[in-house]
Amino acid sequence: MDFKTKLYMGFGSLLLLMMIPLGIGFSIISQLKNSMDEVMIVRYEKVRLADLVNDETYKISRYLRDLILLDNDKDSVQKRIEQIENSRENSLTALNTLDKIVIRPQAKKLTSQIKLMSISYIDFQKEIEADVKDGRRNDARHLLLASDQKFRDQLYGSNGSIKKLKELEEQTMSDLVDQARHSYQQAIRIYSIFIILGLLFGMGIIILSIRSITSNINKVTVAINKVASLGPRDELPRVEIFTQDAIGEIAKAFNEMASALEEQVKKQKMYNKTLQEQNWLKSKIAKISTMYSGVKDLQTFASLLINKLTPVVGGNYGAFYMLESQEERYYLSQIAVYAFDKRDITCPNFQLGEGLVGQCALENRIITLTQIPDNYIRINSGLGSAPPKNIIIYPVEFEGQVLAVLELATLEEFNPIQQELLEQVLSNVGITIDRIVNYMQVEKLLKESQVLTEELQTQAEELQIQQEELKTFNEKLDEQYKFSHQRAVELENIKVVLEEKASQLELNSRYKSEFLSNMSHELRTPLNSLLILAQMLAENDNSNLTHKQVEYAETILSSGRDLLSLINDILDLSKAEAGKMDVCPRVVKLKAIQEFLKRQYLPVAIQKGITFTIQLKNGLPETFITDEQRLLQILKNLLSNAFKFTEQGSVLLSIRKAEKRFTDKQILFDNASTMLSFSVSDTGVGIPRDKHIMIFEEFRQADGTTSRKYGGSGLGLSISNKIAMLLGGFIELESEEGKGSTFTLYLPYSLDSITAEAALGVEAAAEPDEPVIDEPGEDNAGEDNAGAAMAIDHHRDWLAGRKILIVDDDLRNVFSLTVVLEKHGVKVLFAENGKEGINALRENPDIDLVLMDIMMPEMDGYEAMQTIRQIHEYETLPVIALTAKAMKNDREKCIDAGASDYISKPVNVEQLLSLIQVWLYK
Ligand code: ADP
């Protein structure tokens, strides 16, 4: 029988046993209820009705008495009678009911008796009522006293019928109650017996069931308790399965649970072990990583790391290499070691890829060595040494870039957890190295910036000081400004005065140059005819002059030329002073200069019996740029002086590159240029020291006495000096009295002649081969004039028959020119001014050439030429202008006005004839 069935049966029979006393109880209770109903409803009602009859009868007896004794008026009598009737009715109704419900014969008999007696009593009552109504109160009273007592005793007296009935009913009731009590006690007794029996039976079943269940459970409990007391174990006790019931199932489940638990315990143990390892790992990592959190340099960091990490991972030997670079070359440098033996250091540095360390860094890969040979390295202690069993080389990387390498060796073997620790620690080391490197950089920058800040601060302080100084200075300036403002006002006033003066000066200078120009013109014009005519006379064409007369004429010609030279000098000087001297730079050939000067002065030298040499030194440029005419003017002046002041010996012109440094002179060219020197040396009289400066002044000579031996105006050197300055150079003098003098002209020249040409706007192609030198009757020309004139005679036949018009207001000029031209058979026409000239042209269209003066009354030369050029047939007519050469731009003005060519006054006959020849043959 299984455990469940046992329990069902036990508790079922228990329930059944409890149902029996319950049934008995119910029947007893219903019996009791019936008895009680009988007592309560039937018996009690009968007693109550008997009591009611008794009470009403008693009331009526009292009413009757009151009716007779108390009620005197009609109304109260009526009222009382109504009360009596009311009670009578109640009593009769109760009596009728009672009669109906009584069953027993004795009770029935008593009820009938009471009925009969009640009817007699009612008659009696009615009799009394009638007496009272009719006023026979005494009769009524007698009646009442006589009979009422008898009725009362029969009905409700101590032996009355109502009393008897009542007692009978009460007796019956009391019997019923006793009967009920008896059956109640009976029932209780039976009930108790059944309950006790049921309990005993139930307990028996329970004990049996519990005993059969607990014995099996106990076995399981013992096994479980054993498990509990043993705690988690690899092996747990098992319960022997002896039944197939629920307990058997429990035992089976327990055994399964035990197996599961064993499994669980195993897993738990493994888990705990891993947990422990992880904890160890984490705590070590945490310890190591906190250790170098504040480290600020790589050396300390590496030492800390290797010293902590090596023992923790069970290493006995270690080295830390840092990737460093020098001049773009990377290598691994050993910066920290652990238990290192100096004898082991084969190489503290490795290139990338060199050795296993270098290879590890190159490949960014862990290298592990097992089976290490005895002589590889040895781990030493004081007591002995042994080769390591395991070597591990780890790269340290950050963002894929290897930063360092760690090499560790151990006598044991690195277990996985140690390797993991190594790996995890090193994976964080990259960041730390990067941080330290960054920190070091930042530190460096910070230091630099601190230095800068300090410098800035110093500068700021300096600035502040300067600012303050400036402020003071400003204040001073302010004062000065006020002062200078005052000054400025004063100066402004002075300036106004000065400006007035300046304009006056300018006016003066203009007057002066105008005066000079006019004077020059005025002097040249008479000089022109004088020279021409003197030349004609000296030529003595007709041979009608005596030898003496010819000599006079020649003297006049020579003096005239001197005078002309003086005029030219004065004009030059005034121009130079007024800054109006024009300079026309162009390419000059040194060779040409040499040739020209040789031609000019060799005859003079021969005449004086002096040797004359011109030297061009080595290293000279072929050409250089300057105003050729001005240069020649200076050189001619210097050479003329040399020949003038030298009686015997030699004159030497030496041209070279200047060798001196001119620190004492104001030089108006830049450093890229160099100087050319033109030295004119003679062996003449020389110049005393104290006169060296003076002779460069105007109108001054070394021999200033009236009895001086040599002529001259004293203008030549001062003009030369001024021209030299105008050309950007200067003149130096070296001389000793009685031994000779050397005048040296220094002129700048550009090394790069092409650039210079470009700068000057001069085209090299345009340069003339020979210097263009116009020499209007220079001092040297005097001697061979006669010869030249003769030569003309022979070669001017082509002039014969030509028609030339001279337009000039100065008749002396016209005369002299006419004489010269007519001598060659020219037909000469003349006009006094431009207007007349044009008229003459109109009248004589066959005129071959016009000689046009410029300064004329009525219509001047410019206007006349312009008008001529407007006339169609004279567009190409040769017109030669005769200029005074006084002003800078006279020549240009002539050409602009339409002149074919020009010639300056006083006219050189030879030159004029050549020009005419050129233009007539064009
Ligand atoms: P001048 O027309 O009088 O020669 P310069 O100005 O040319 O005027 O010269 C001024 C003076 O310098 C001369 O009068 C002379 O006394 C002196 N002088 C110039 N050149 C020489 C020289 N080569 N030898 C000696 N004295 C010279």
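The values are calculated or read from the model by the stated rules, or taken from the named source; none is laboratory data. Keep in mind that this is a model prediction, so the values were computed, not measured. Cβ coordinates were reconstructed from backbone atoms using ideal geometry, including for glycine residues, and neighbour counts include every protein chain displayed.
Could you tell me which of the residues Ser209, Ser215 is in contact with a Lys or Arg (Cβ under 6 Å, 6 or more places away or on another chain), within 30 Å of Lys252 (Cβ to Cβ) and either touching a residue at least 24 places away in the same chain (Cβ under 8 Å) or surrounded by fewer than 18 Cβ atoms within 10 Å (Cβ to Cβ) (or both)? Matching residue, one of Ser209, Ser215: Ser209. The single residue among Ser529, Ser503, Ser520 that is under 29 Å from Ile634 (Cβ atoms), small (Gly, Ala, Ser) and assigned to a helix (DSSP H, G or I) turns out to be Ser520.
Going residue by residue through the range 664-676, is there one that turns out to be modelled with pLDDT of 65 or more, more than 11 Å from the ligand (Cβ to nearest atom) and over 60 Å from the mean Cα position of the chain (by Cα)?
Checking the range 664-676: at least one residue is modelled with pLDDT of 65 or more, more than 11 Å from the ligand (Cβ to nearest atom) and over 60 Å from the mean Cα position of the chain (by Cα).
Take the conditions among the charged types (D, E, K, R), within 21 Å of Cys894 (Cβ to Cβ) and outside any helix (DSSP H, G or I) and apply them to Glu858. Does it pass? The answer is yes for Glu858. Residues in the range 415-434 that are surrounded by 19 or more Cβ atoms within 10 Å (Cβ to Cβ) and β-branched (Val, Ile, Thr): Val425, Val429, Thr432, Ile433.
Where helices (runs of 4 or more DSSP H) sit wholly within the range 704-811, those with at least 2 residues that are modelled with pLDDT under 90 and more than 25 Å from Leu566 (Cα to Cα) occupy 753-760, 785-795. Counting the residues of the range 677-696 that are of a type in the set (Asp, Glu) and either on the phi > 0 side of the Ramachandran plot or within 7 Å of the ligand (Cβ to nearest atom) (or both) gives 1. Considering the range 308-386, the qualifying strands (runs of 3 or more DSSP E), each wholly inside and each with 2 or more residues that are closer than 16 Å to Leu408 by Cβ, run over 317-326, 329-338, 367-369.
Residues are listed down the side, and each one gets a yes or a no for (1) among the aliphatic types (A, V, I, L, M); (2) over 30 Å from Leu16 (Cα atoms); (3) assigned to a helix (DSSP H, G or I); (4) more than 60 Å from the chain's Cα centre (by Cα):
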site	(1), (2), (3), (4)
Lys163	no, yes, yes, yes
Ser174	no, yes, yes, yes
Val177	yes, yes, yes, yes
Phe194	no, no, yes, yes
Leu197	yes, no, yes, yes
Gly204	no, no, yes, yes
Ile207	yes, no, yes, yes
Ile213	yes, no, yes, yes
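Of all residues in the range 275-294, exactly one satisfies the criterion of being in contact (Cβ under 8 Å) with a residue 60 or more places away in the chain and in a loop (DSSP other than H, G, I, E, B), namely Tyr292.
Residue check: Leu332 meets all listed conditions (1) over 40 Å from the mean Cα position of the chain (by Cα); (2) in contact (Cβ under 8 Å) with a residue 60 or more places away in the chain but one, namely (1).
Results for (1) touching a strand residue (DSSP E or B) at 6+ places or on another chain (Cβ under 8 Å); (2) surrounded by fewer than 13 Cβ atoms within 10 Å (Cβ to Cβ); (3) of a type in the set (A, V, I, L, M, F, W, C); (4) farther than 19 Å from Ala94 by Cβ, shown as yes or no for each residue.
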{"position": "Leu144", "(1), (2), (3), (4)": "no, no, yes, yes"}
{"position": "Asp148", "(1), (2), (3), (4)": "no, no, no, yes"}
{"position": "Arg152", "(1), (2), (3), (4)": "no, no, no, no"}
{"position": "Gly160", "(1), (2), (3), (4)": "no, no, no, no"}
{"position": "Lys163", "(1), (2), (3), (4)": "no, no, no, no"}
{"position": "Val177", "(1), (2), (3), (4)": "no, no, yes, yes"}
{"position": "Gln185", "(1), (2), (3), (4)": "no, yes, no, yes"}
{"position": "Ile188", "(1), (2), (3), (4)": "no, yes, yes, yes"}
{"position": "Tyr191", "(1), (2), (3), (4)": "no, no, no, yes"}
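Surrounded by 12 or more Cβ atoms within 10 Å (Cβ to Cβ) and not in a loop (DSSP other than H, G, I, E, B): does that describe Thr221? Against the criterion (surrounded by 12 or more Cβ atoms within 10 Å (Cβ to Cβ) and not in a loop (DSSP other than H, G, I, E, B)), Thr221 qualifies.
Condition check: over 30 Å from Val102 (Cβ atoms) and surrounded by 16 or more Cβ atoms within 10 Å (Cβ to Cβ). Does Ile128 satisfy that? Against the criterion (over 30 Å from Val102 (Cβ atoms) and surrounded by 16 or more Cβ atoms within 10 Å (Cβ to Cβ)), Ile128 qualifies.
Taking the stated definitions as given, is Val907 over 29 Å from Tyr511 (Cβ atoms), in contact (Cβ under 8 Å) with a residue 40 or more places away in the chain and surrounded by 22 or more Cβ atoms within 10 Å (Cβ to Cβ)?
No.
Just one of (1) hydrophobic (A, V, I, L, M, F, W, C); (2) touching a residue at least 12 places away in the same chain (Cβ under 8 Å); (3) under 30 Å from Val295 (Cα atoms) fails for Leu516. It is (3).
So if I check each of Ser183, Ser174, which one is touching a Ser or Thr at 6+ places or on another chain (Cβ under 9 Å), closer than 30 Å to Asp37 by Cα and among the hydroxyl-bearing types (Ser, Thr, Tyr)?
Sole residue among the options that is touching a Ser or Thr at 6+ places or on another chain (Cβ under 9 Å), closer than 30 Å to Asp37 by Cα and among the hydroxyl-bearing types (Ser, Thr, Tyr): Ser183.
In this entry, Ala881 is excluded by the filter for residues that are part of a loop (DSSP other than H, G, I, E, B), without any contact (Cβ under 8 Å) to a residue 60 or more places away in the chain and under 24 Å from Lys827 (Cα atoms). Can you spot a residue in the range 99-106 that is crowded, with 16+ Cβ neighbours inside 10 Å and assigned to a helix (DSSP H, G or I)? For the range 99-106, residues crowded, with 16+ Cβ neighbours inside 10 Å and assigned to a helix (DSSP H, G or I): absent. Over 23 Å from Ser904 (Cβ atoms) and either touching a residue at least 60 places away in the same chain (Cβ under 8 Å) or in contact with a helix residue (DSSP H, G or I) (Cβ under 7 Å, 6 or more places away or on another chain) (or both), is that true of Leu851? The answer is no for Leu851. Restricting attention to the range 532-553, the residues that are touching a residue at least 60 places away in the same chain (Cβ under 8 Å) and either in a helix (DSSP H, G or I) or surrounded by 19 or more Cβ atoms within 10 Å (Cβ to Cβ) (or both) total 6. Contact list please: Cβ distance under 8 Å, first residue in the range 248-259 and over 14 Å from Ala228 (Cα atoms) and modelled with pLDDT under 85, second residue of a type in the set (Asp, Glu) and surrounded by fewer than 13 Cβ atoms within 10 Å (Cβ to Cβ), pairs at least six apart or on different chains. Listed by first residue and then by second, the contacts come to Ala251/Glu240.
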